[in-house]
Each structure stands twice: as structure tokens, then as C-alpha cells.
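Below is one structure; the comments refer to it alone.
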Amino acid sequence: MRKKLCWMLLTAALLLAVAMAGVGRASPEPIIQVEPEDNTGEPGETFSVDITATDVVISEASPVSNGLYTWEAWMIFDPDVIHAVNATRGPFLRDAVSPEGYTTVFFKKIDNSSGFVRVGEGIWPKAPPDPKFPPAGATGSGTLATITFQVKAEGATSILFETPKEVAKTNLYTVVADTPVKLSYTAKDGAFDNRKFVLSTELIVAIVAVVVIVCAATVFFYRRRKASAGT
């Protein structure tokens with residue numbers, strides 16, 4: 001019986017070790033996010049946010065990744081509250097490949113009527129006779145782009161990545177066998193809010209309810225004390 005129990009424990013330990021080894025080999029999912037997440041400012045002022053990428057790795061396990069080669073982001077905001085005034089490239093992609101003689105192409109489009117900024121960058125293959133991508137793209141963490149906004153009015157708006165289910169407009173790409181491949185990712189949006197403190201209806205109701213309860217309790221204990229004193 002004891003021998004059978006030992007074999008069962010050994011088998012369980014081996015299965016756990018295999019499972020943990022599989023977890024250890026799993027690649028982290030890249031994160032594209034707005035930093036800082038929370039922003040504010042007065043009308044007429046400007047502020048800037050970075051679009052950053054983190055946890056970009058090279059992985060031979062599925063999903064295969066050779067690092068980041070190309071990215072694009074559509075940022076959505078309320079144009080009644082803020083306007084985008086500029087977008088500049090970050091160093092993450094360019095610094096990863098420029099020592100090897102590769103260049104990157106950056107593009108931007110600002111539409112304050114609709115309330116969006118489209119930015120992106122890609123590593124450009126070398127010219128013929130050897131038009132190939134570098135063996136690895138950017139890895140680790142870094143800044144993809146910086147967007148500058150001007151505050152137009154008092155209010156609040158999200159600064160979010162447009163990622164519709166049908167056709168995602170924010171994408172990260174790696175290159176496998178000289179073929180671009182989409183990377184799954186997690187997006188973390190930002191926000192802007194410069195509203196002055198205003199009591200919400202719910203908070204006003206809660207305050208009134210507390211005042212009523214306190215008054216009722218005071219009256220109750222006063223009458224009870226008065227009745228006790230009368231006896």
C-alpha cells in the first residue's frame with residue numbers, strides 16, 4: 001500500500017513539473033498602452049501621451065514571434081474636449097534595427113473632425129539584391145509614438161485604441177519567414193478629465209439619506225432620554 005502511494009505521489013509530481021515547465025515556456029502577450037493613463041489640463045493648454053509597447057519577446061513556441069516589426073494604432077477621442085495637434089515617432093522600433101543598416105517608415109494622420117489619430121511604423125527591408133527583413137525586430141519595452149493634444153473645453157473623454165471585432169485597426173506584426181504575422185496583444189486605454197468637482201445625483205441622495213437617518217436617530221434618543229427622565 002505504501003509503495004503504491006509513493007508511485008502515485010511521484011507520478012503527480014512529474015505531471016506537475018511538466019505542467020509548470022509548459023507555463024514557463026509560454027510567451028507573454030505584448031501590451032500596447034497609453035501612458036500616462038490619466039490626464040488633465042485647462043482649456044488652451046497642451047499635454048502629451050506616449051503609446052508604449054511592453055513584453056515584446058522572441059519566441060519559438062506558439063505563437064511564434066521574432067519581435068516587433070510593424071505596428072499601427074487608431075486612437076479615438078472626443079473632439080469637443082481635446083484636439084490632436086501632432087504625433088511623433090518613438091525610438092523603440094528604429095533603435096532596434098538602425099545599427100544593422102535598416103530603416104523604418106513612420107506615418108500619421110490626424111482627423112479632429114471625426115476625433116481620431118492614426119499612427120504607425122514599420123521596418124523597411126533592405127534594397128535588392130537582398131530585400132529581406134532583419135532576423136529580429138524590436139524586443140522588450142519602449143515608446144512607439146508620442147501624441148500631443150490641446151485642451152478645447154472642460155469635459156471628459158477616453159483616449160482609446162480602436163479595435164473593432166470585425167477589422168481591428170490597431171495591430172502589431174512580427175515577421176516569420178519574411179512574411180508579416182499578426183501578434184495578439186492586450187490594449188490599455190487612456191483618459192482625459194478636467195471637470196471640476198460636481199456633486200452627482202447619487203451622492204446628493206446619499207448625503208440627504210445620511211442626514212435624515214442621523215436626525216431621526218437624534219430625535220429618537222432625545223425622546224427616549226426625556227421619557228426616562230420623566231419616570
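Computed from the coordinates by the stated procedures, all read-outs in this text should not be read as laboratory data. Everything numeric here is computed off the predicted structure, so don't read it as measured data. Quick reminder, even Gly has a Cβ in these numbers, built from the backbone with ideal geometry, and neighbours come from all protein chains shown.
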### Task
Give me the net charge of LYS108's neighbourhood, meaning all other residues with Cβ under 12 Å from the Cβ of LYS108; Lys, Arg count +1, Asp, Glu -1.
0
### Task
May I ask you to derive the FRET efficiency for VAL176 and ASP50 from their Cβ-Cβ distance with R0 = 30 Å, giving the value to the nearest 0.05?
0.60
### Task
Obtain the radius of gyration and the Kirkwood radius of the stretch 26-108 from its C-alpha atoms and give Rg over Rh.
1.04
### Message
Please give me, ordered by residue number, the trypsin sites (Lys or Arg not before Pro) of the stretch 99-155 that lie in loop per DSSP and have at most 12 other Cβ atoms within 10 Å.
### Response
LYS132
### Task
May I ask what percent, to the nearest 5, of DSSP beta bridges between residues of the stretch 30-193 are antiparallel?
90
### Message
Once you order the gyration tensor axes a ≥ b ≥ c over the Cα atoms, which shape class does the stretch 70-123 get: rounded for a/c under 1.5, otherwise prolate or oblate by comparing a/b with b/c?
### Response
prolate
### Message
Assuming 0.36 nm per residue, please report the length gained on full extension of the stretch LYS188 to ALA127 beyond their Cα-Cα distance.
### Response
18.3 nm
#### Entry: Over the stretch 30-193 - Rg/Rh using Cα atoms and the Kirkwood inverse-distance radius
1.01
### Cβ-Cβ FRET estimate between VAL105 and GLU42, R0 fixed at 35 Å, reported to 0.05
0.45
### Task
Quick one: which residues, 5 or more positions from VAL181 or on another chain, have an amide H under 5 Å from its amide H? H modelled 1.01 Å from N in the peptide plane, none for Pro or chain starts.
THR174, VAL175, VAL176
